[in-house]
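Heads up: the structure comes next, in structure tokens.
The values are calculated or read from the model by the stated rules, or taken from the named source; none is laboratory data. Predicted model, so just to flag it, every value in this text is computed and none were measured. Cβ placement follows ideal geometry from the backbone for every residue including glycine, while neighbour counts extend to all protein chains displayed. Please note that ligands, DNA and RNA were not included when accessible areas were found on the heavy atoms of the full protein model with its side chains. Shrake-Rupley method; radii C 1.70, N 1.55, O 1.52, S 1.80 Å.
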Amino acid sequence: MRPAYLEVNLQAIFDNVRHIKAVLGQQVGIIAVVKSNAYGHGAVEVSKVVLQAGADMLAVALLEEALQLREAGISAPILVLGPVPRDAVEVAAQNAIIVTLNSAAEAEAFSKIGLQLGTKVTVHLKIDTGMCRHGVRVEEVEQLCRVLRGLDGLQLAGAFTHFASALTDPRFTLEQLARFKQAVRTAENVLGCRIPLVHAANSPALVRYPEAWLDAVRPGILIYGLPRNPRGSYMPTMTQALTLKAKVALVKHVQPGDRIGYDGTFVVRRPTTIALLPLGYADGYPRALSNRGEVLLRGRRVPVVGRVAMDWTTVDVTDLGDVQVGEEAILMGRQGEEFISVAEVAERSGTIVQEVVSRLSPRLPRVYIPHL
Ligand SMILES: Cc1ncc(COP(=O)(O)O)c(C=O)c1O
């Protein structure tokens, strides 16, 4: 196997979901967000574990992601959060995949497809309460529901919205929640029935706003144990499931005046020992960590020196003694007493944890620690 890989602790994911479930209680469902290859962790493996831990439904961004789960034999309900092209709705319906409804025009088109197939296309209505992205605007909900009443090829199984700033703007988040609840009431009045599954909360809303739990929550990062910044955890008991490992490929001694890597951005000032790690930005290790990142070796932090290249990263191991080829370095995760969180990597590279994990390349093998 390649000497650079991602270790994914499925027990941690199982425990994280169990913990969320314990906090929510029996009445609130969990729609586990496993889009983008389960935030880089591996969609099929993660989906199986979150379902075993008690998640009720899976959510993905794309129809293709949903089909991958069906092909792997996963039969749980799956919701596609993003718009599904009309020519793909037939495939979605044939695979019992729930699609998101964003407009009255989509409703009419989807219903026609349902009737042609002799079935109903199952949809969740997306209501845009302030994100200004997907979904029908609040003021259009009433009219859309009037259209829905005349359509026989659709089944409205749920309604949802998405918060724009659940972590940073309480006033706007609660305003979005109020708009959503009002829009759902309007829809239910026009339809003359209750919408079975109403959901809104992403991870930060789940933790901060119990009033936003509604029928179900939609956590992503929380499941993977990823707090948003290195100092704070959403829930203290969550565990980071992912460890990025690489084995030292080469050890080299360089002299004062030497310059390391592309553009010679690191100038050597003392006799220095460099360890070469066999992964780079093509694997998802951010190039922004050039001369900024830290890596664990022998349980200690060592600095990234020079530019992170496409396939290689160099670290200064002078202070560790005679490091050997084959020794294990940790780029994200724990080694001994030291821990480099994904949140730290995100902060040092000027981005968010979601971007770091979702860009971990498919060419990095995933090694799974099973859950018991
Ligand atoms: C519609 C929707 N719901 C839920 C989530 C999960 O968000 P988080 O990872 O912050 O929990 C996402 C992720 O971006 C999303 O797009």
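Each Lys or Arg adds one and each Asp or Glu takes one away; over the other residues whose Cβ falls under 10 Å from the Cβ of R300, this sums to -2.
Taking each residue as 0.36 nm, the span from L191 to R86 lengthens on full extension beyond its C-alpha to C-alpha distance by 35.4 nm. Angle of helix 43-52 to the longest C-alpha principal axis of the chain, folded into 0 to 90 degrees and rounded to 10: 60°.
Positive contributions from Lys and Arg (+1) and negative ones from Asp and Glu (-1), summed over other residues with Cβ under 14 Å from the Cβ of V190, come out at 0. A dipole drawn for the chain from +1 and -1 charges on Cβ atoms has a positive end, and of F110, V80, Q324 the residue lying farthest that way is Q324. Taking each residue as 0.36 nm, the span from E142 to L250 lengthens on full extension beyond its C-alpha to C-alpha distance by 32.3 nm. Our coupling estimate for the range 296-312, obtained by passing each phi through the Karplus curve with A = 6.51, B = -1.76, C = 1.60 and θ = phi - 60°, is 9, 9, 6, x, 10, 7, 10, x, 6, 10, x, 6, 5, 9, 4, 10, 9 Hz, Gly and Pro reported as x.
Counting only heavy atoms of the protein chains and using a 1.4 Å probe, R18 has close to 120 Å² of accessible surface.
Exceeding 32 Å between C-alpha atoms, which entries from my cross-link table qualify? They are K126/K245; K21/K247; K48/K120; K48/K252; K35/K252. With Cα atoms farther than 32 Å apart: K126/K245; K21/K247; K48/K252; K35/K252. Principal axis extents of the C-alpha atoms in the range 10-217 (largest first, rounded to whole Å): 47, 42, 28. Entry comment: accessible area of the chain is 43 Å² per residue, from protein heavy atoms only and a probe of 1.4 Å. Computed 3J(HN,Hα) for the range 327-338, one whole-Hz value per residue from the Karplus formula 6.51 cos²θ - 1.76 cosθ + 1.60 where θ = phi - 60°, is 5, 8, 10, 10, 9, 9, x, 9, 9, x, 7, 8, glycine and proline marked x.
Amide H contacts for V121 (H built 1.01 Å from N in the peptide plane; partners 5 or more residues away or on another chain; cut-off under 5 Å): G114, L154, Q155. Split the accessible area of the chain by element, probe 1.4 Å, and carbon with sulfur accounts for 51%. Phi-derived couplings, Karplus 6.51 cos²θ - 1.76 cosθ + 1.60 at θ = phi - 60°, listed residue by residue for the range 258-274: 5, 10, 9, x, 4, 6, x, 6, 10, 9, 6, 10, 9, x, 10, 9, 10 Hz, with x used for Gly and Pro. Counted over the chain, the DSSP beta bridges are approximately 50% antiparallel. Length gained on full extension, A61 to R18, computed as 0.36 nm times the residue gap minus the Cα-Cα distance: 13.1 nm.
All other residues whose Cβ lies under 13 angstrom from that of T237 are scored, Lys and Arg at +1 and Asp and Glu at -1, for a net of +1. In this structure, the amide hydrogen of E294, modeled 1.01 Å from its nitrogen in the peptide plane, lies closer than 5 angstrom to those of V304, counting only residues at least 5 positions away or on a different chain.
Ligands, DNA and RNA aside, E328 has an accessible area near 60 Å² when probed at 1.4 Å.
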